[in-house]
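Undergrad: Following this message is one structure expressed as structure tokens.
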Amino acid sequence: TPPLDPRDVPGLVCIGRLDADSTGVMLWTTDGALATRVMSPASHVEKEYLVRVTGHEGWGASRRDRAVRSMSSGMEIDGVPLLPATVRWLNESQLQITLTEGKHRQARA
């Protein structure tokens, strides 16, 4: 069977996005209402990210905790306020971040 070409599927839309420095699974659907519900910040659908962190190797526990508290209490990107995220360290180099809105670069901030 030849690979599916998404351009050949009427109404097919991708829910979410990945940029050049991200990897993950993309959800595709032909159900426009589902896509809107999942992508709309008003729906508060949780999106979970596992983020590999670099450049923090010299941080002490208090600085790592401050970073988590900052993300957990709500931040700003380019002057735009963000809803609080659920954030926790999984190990020395990986965070689990759960967002209810998907602002551009939010998981990277």
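The values are calculated or read from the model by the stated rules, or taken from the named source; none is laboratory data. Keep in mind that this is a model prediction, so the values were computed, not measured. Glycine gets a Cβ as well: all are built from the backbone with ideal geometry, and neighbour counts include every protein chain shown. Just the protein is used for accessible areas: all its heavy atoms, side chains included, with ligands, DNA and RNA removed. Shrake-Rupley method; radii C 1.70, N 1.55, O 1.52, S 1.80 Å.
Undergrad: Under a Cβ-only charge scheme (Lys and Arg +1, Asp and Glu -1), can you give me the dipole magnitude of the chain about the Cα centre, in debye to the nearest 20?
TA: Rounded to the nearest 20 debye, it is 340 debye.
Undergrad: How much accessible area per residue does the range 4-63 have, counting only protein heavy atoms and a probe of 1.4 Å, in square angstrom?
TA: 78
Undergrad: Could you sort 56, 44 by accessible area so the largest value comes first, with the probe set to 1.4 Å?
TA: From most accessible down to least: 44, 56.
Undergrad: Using θ = phi - 60° and the Karplus curve 6.51 cos²θ - 1.76 cosθ + 1.60, what whole-Hz ³J(HN,Hα) does each residue of the range 49-56 get, with Gly and Pro shown as x?
TA: 10, 9, 10, 7, 9, 10, x, 10
Undergrad: Same structure, new question: Please name which of 49, 73, 20 has its Cα lying farthest along the dipole of the chain towards the positive end, using unit charges on Cβ (Lys, Arg +1; Asp, Glu -1) and the Cα centre as origin.
TA: So the residue we want is 73.
Undergrad: How many percent of the accessible area of the range 33-89 is carbon or sulfur, using a 1.4 Å probe?
TA: Summing carbon and sulfur atoms, their accessible area is 54 percent of the total for the range 33-89.
Undergrad: Right, something else. So what is the orientation-averaged projected area of the chain, using the convex hull of its C-alpha atoms, in nm²?
TA: 9.1
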